[in-house]
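> A single structure is presented below for examination.
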Amino acid sequence: MKIAIVTFVHAYNYGAELQCFALQYKLRNQGFNVEVLDLYRPQDDEYRHTKDSDLKFGPLFSHNSSSDRKARIHRIAAGWIAYMQKIFYRKRFIERKKAFWGFHEEYTNLSPQPIYNFLALYQQNFDYTHYIVGSDQVWNYSNGFSVEPYLLSFVDNAKKISYAASIGHSDIPSQISEIYLKNLLSFCAISLREEQGTKIISEITKRNDVVTVLDPTLLLSKEEWENALRISKSPCKPYLLLYLLSRSCESVDFAIELAKKRDWDVKIISTSIVPQYKYNNIQYICGVSPKQFVELFCSASFVVTNSFHGTAFAVNFNIPFISTTRSDKRYNSRFVNLLNITGLSSRLVFEDKLDYSRLDNLEACDFSTARTSIEDERSKSIDFILKALV
């Protein structure tokens, strides 16, 4: 048996890289021969654009949908902004890439030959017996490319499995749902990481065996993360860790006030090569590798985050935390699913409703239900994978 994991690599995003590592590590620890397909996406600098590839695997946007038009405009604008940032902050961008590449070289078993565009993917003669697609938003039709490669339409004569795949939407437009149906019917096992996505795919495929599983980062306990990445704690002054995917001055202000009451340092993991805040009393940590990211969570005394994976690591490592979100934005169902099953729903708060009167007792965070729930869900999720691989 030889397994290929098909997911977003070279994303230079901590959640994306660590979920990939965790799934690969768990499978290899079970004795399986596993490789991560070294596949580039159109937004990657290394992707080799060709007319045929760009036409065949273009976006699945509906031009009649206002939300899709907005998503397309946002994608184009974000691409230009990212391009300009890489020019003006080139040194930081290179340092960030080196940190992630170093992690891949040490911890990721990539396929021997890089695949530089989707057309080349369909021209390969692979010898894998099983393909696992996921996690991340691999089935999001608003990505700037067709989802078909991530629906494993290039696979013949091998078993297809999805693990914790995500759609990233509350529905799939009828005009493209046929693409999902055509490809997913050949999957031997399907799982998603959100209940909402599970319901959507179940309805499209008319399958009642589609299930919801844990995000791969939760498949490993804290001890497994420490052993897998060879993490050793070094004595340091207690600190509050900030990990914010979207800009939130309210969250930073609250964190600073909380840390001041405990005489903690404040550290923030920078998710951008561009400086986002102008605070003199916090330590900015730029260009850290995924391993260093996990190390920072392991030793933190408290976490403030608006990231799902930031929340997941805090819960998994039993670190007192709050997860913040904007009141004018529908927060991701992943937060709700995770915090509901772990009995920690009260830890999700709106940015404009951060209660400074709670500063004195925020460390009182009972993880007993969380530990039991995650252990149960972890067992079910691993059982799903093992049964699918039979």
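The values are calculated or read from the model by the stated rules, or taken from the named source; none is laboratory data. Since the structure is predicted, the reported quantities are computational estimates derived from the model, not experimental observations. No Cβ is skipped: glycine too gets one built from the backbone with ideal geometry, and neighbour counts run over all protein chains shown. Accessible surface is based on the protein model in full, side chains and every heavy atom, while ligands, DNA and RNA are left aside. Shrake-Rupley method; radii C 1.70, N 1.55, O 1.52, S 1.80 Å.
> In the range 303-336, how many are under 15 Å from the mean Cα position of the chain (by Cα), of a type outside the set (Ser, Thr, Tyr) and modelled with pLDDT under 85?
Number of matching residues: 3.
> For the range 93-144, name all the residues that are among the acidic types (Asp, Glu) and in a loop (DSSP other than H, G, I, E, B).
If the condition is that a residue be among the acidic types (Asp, Glu) and in a loop (DSSP other than H, G, I, E, B), then 127, 136 are the ones that fit.
> Same structure, new question: Is there a residue in the range 345-356 that is crowded, with 18+ Cβ neighbours inside 10 Å, part of a loop (DSSP other than H, G, I, E, B) and touching a helix residue (DSSP H, G or I) at 6+ places or on another chain (Cβ under 6 Å)?
Yes; the residues of the range 345-356 include at least one that is crowded, with 18+ Cβ neighbours inside 10 Å, part of a loop (DSSP other than H, G, I, E, B) and touching a helix residue (DSSP H, G or I) at 6+ places or on another chain (Cβ under 6 Å).
> Further, regarding this structure: Test residue 379 against the criterion of being in contact with a Pro (Cβ under 6 Å, 6 or more places away or on another chain), open to solvent by 20 Å² or more (accessible area, probe 1.4 Å) and modelled with pLDDT of 95 or more, and give yes or no.
Spelling it out, it is not the case that residue 379 is in contact with a Pro (Cβ under 6 Å, 6 or more places away or on another chain), open to solvent by 20 Å² or more (accessible area, probe 1.4 Å) and modelled with pLDDT of 95 or more.
> Here's something else I'd like to know. What tally of residues in the range 182-199 results from selecting those that are assigned to a helix (DSSP H, G or I) and open to solvent by 20 Å² or more (accessible area, probe 1.4 Å)?
4
> Quick one: how many residues across the range 1-46 are open to solvent by 10 Å² or more (accessible area, probe 1.4 Å) and polar (S, T, N, Q)?
Of the residues in the range 1-46, 5 are open to solvent by 10 Å² or more (accessible area, probe 1.4 Å) and polar (S, T, N, Q).
> Within the range 128-165, track down each residue that is free of Cβ contacts under 8 Å to residues at least 60 places away in the same chain and in contact with a helix residue (DSSP H, G or I) (Cβ under 6 Å, 6 or more places away or on another chain).
151, 153, 154
> Being part of a loop (DSSP other than H, G, I, E, B) and in contact (Cβ under 8 Å) with a residue 60 or more places away in the chain is the filter here; which residues of the range 167-178 pass it?
173 - this is the single residue of the range 167-178 that is part of a loop (DSSP other than H, G, I, E, B) and in contact (Cβ under 8 Å) with a residue 60 or more places away in the chain.
> Sticking with this structure for a sec: Would you say residue 249 is closer than 23 Å to residue 231 by Cβ and of a type outside the set (S, T, N, Q)?
No, not satisfied.
> From the list 362, 338, which one is farther than 26 Å from residue 234 by Cα, out of contact with any helix residue (DSSP H, G or I) (no Cβ under 6 Å at 6 or more places or on another chain), open to solvent by less than 20 Å² (accessible area, probe 1.4 Å) and not in a strand (DSSP E or B)?
None of the other options fit; the residue is 338.
> If you don't mind, another one. Would you be able to say whether some residue in the range 226-249 is assigned to a helix (DSSP H, G or I), under 23 Å from residue 374 (Cα atoms), open to solvent by 30 Å² or more (accessible area, probe 1.4 Å) and out of contact with any Gly (no Cβ under 6 Å at 6 or more places or on another chain)?
Yes, some residue in the range 226-249 is assigned to a helix (DSSP H, G or I), under 23 Å from residue 374 (Cα atoms), open to solvent by 30 Å² or more (accessible area, probe 1.4 Å) and out of contact with any Gly (no Cβ under 6 Å at 6 or more places or on another chain).
> If I go through the range 19-46 residue by residue, how many of them are out of contact with any strand residue (DSSP E or B) (no Cβ under 8 Å at 6 or more places or on another chain) and closer than 26 Å to residue 2 by Cβ?
Of the residues in the range 19-46, 11 are out of contact with any strand residue (DSSP E or B) (no Cβ under 8 Å at 6 or more places or on another chain) and closer than 26 Å to residue 2 by Cβ.
> Within the range 115-164, restricting attention to residues that are in contact with a Lys or Arg (Cβ under 7 Å, 6 or more places away or on another chain) and among the hydrophobic types (A, V, I, L, M, F, W, C), which residue is most open to solvent (accessible area, probe 1.4 Å)?
Here the residue is 119.
> Follow-up. I need the strands (runs of 3 or more DSSP E) fully contained in the range 265-321, keeping only those with at least 3 residues that are open to solvent by 20 Å² or more (accessible area, probe 1.4 Å).
Filter on the range 265-321 gives 283-285.
> List the number of the failed condition for residue 352; all other conditions in (1) in contact (Cβ under 8 Å) with a residue 60 or more places away in the chain; (2) more than 22 Å from residue 253 (Cα to Cα) hold.
Among (1) in contact (Cβ under 8 Å) with a residue 60 or more places away in the chain; (2) more than 22 Å from residue 253 (Cα to Cα), residue 352 violates only (2).
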